[in-house]
Amino acid sequence: MQFRFLLISPFIFYFLFSIGHVESTTYESDLLTLINNYRTQNGLSPLKYDERLKEIAFTHSRYMTQKNTLSHANFQKRFTDSKSDLCVENIGWNASSPKVLFELWRESESHNKNMLNPNIQRAGISLVGKYATFFGCK
């Protein structure tokens, strides 16, 4: 019986990871679309999706999930890893949809300022569990 479990277990893990990955990708893509539409409505250029910034955001969202806390811990490392001279970060927790998280950020002065920063040009967004990170850089 244990042998069967070992054979099935990796498949189940891969399947569950794939489902979560697809859901987060849609969530992330929808959130970036909302942010870009908002920027355009405010006379700003849309942000370009950046795979490196996505990985940086993913690492932080995973960290927050593992620690079960909302935090900007280690921002300096993310900033350095970005190889940019300007970065902003919004984090969120437990938003039921990209629209809900976007609205929460829009209603917050500091988060709104980050989304509308005219100097950022690229962004990565990641959702891991219930923790989301938006990481935008010049």
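Probing with 1.4 Å while keeping every protein chain in the model, the per residue accessible area of the range 37-77 equals 67 Å².
The accessible-area ordering, largest first, of the residues His111, His72, His60 stands as His72, His111, His60, per a 1.4 angstrom probe. So how exposed is Phe75, as accessible area in Å² (1.4 Å probe, rounded to 10)? Near enough 60 Å² of accessible area.
Label-to-label distance, Thr40 versus Arg106, with points set 7 angstrom from Cα along the beta-carbon direction: 1.5 nm.
Taking Ser82, Ser29 and ordering them by how much accessible surface each has at a 1.4 Å probe, largest first, produces Ser29, Ser82.
The count of lysine pairs in the range 14-138 whose Cα atoms are under 14 Å apart, excluding pairs fewer than 8 places apart on the same chain, comes to 4.
Once the mean of 1/r is taken over each pair of separate Cα atoms and inverted, the range 69-138 shows a Kirkwood hydrodynamic radius of 12.5 Å.
Along the Cα-to-Cβ line of Ser71, 7 Å from the Cα, sits a label point; which residues in the range 92-115 have backbone N less than 16 Å from it? Inside the label zone: 92-93. Checking the a/c ratio against 1.5 first, then a/b against b/c, what shape does the Cα gyration tensor give for the range 24-112? Oblate is the answer for the range 24-112, as a/c is 1.5 or above yet b/c matches or exceeds a/b. For the peptides 113-126, 36-49, residues were scored by their other Cβ atoms within 10 Å and the scores averaged per peptide; the highest-first order is 113-126, 36-49. Near Phe134: Cβ cut-off under 13 Å, other residues only, Lys/Arg at +1 and Asp/Glu at -1. The net charge is +2.
The values are calculated or read from the model by the stated rules, or taken from the named source; none is laboratory data. Owing to the predicted nature of the structure, the values given are computational and were not obtained by experimental measurement. Cβ coordinates were reconstructed from backbone atoms using ideal geometry, including for glycine residues, and neighbour counts include every protein chain displayed. Quick note on the areas: whole protein, heavy atoms, side chains included, nothing else; ligands and nucleic acids left out. Shrake-Rupley method; radii C 1.70, N 1.55, O 1.52, S 1.80 Å.
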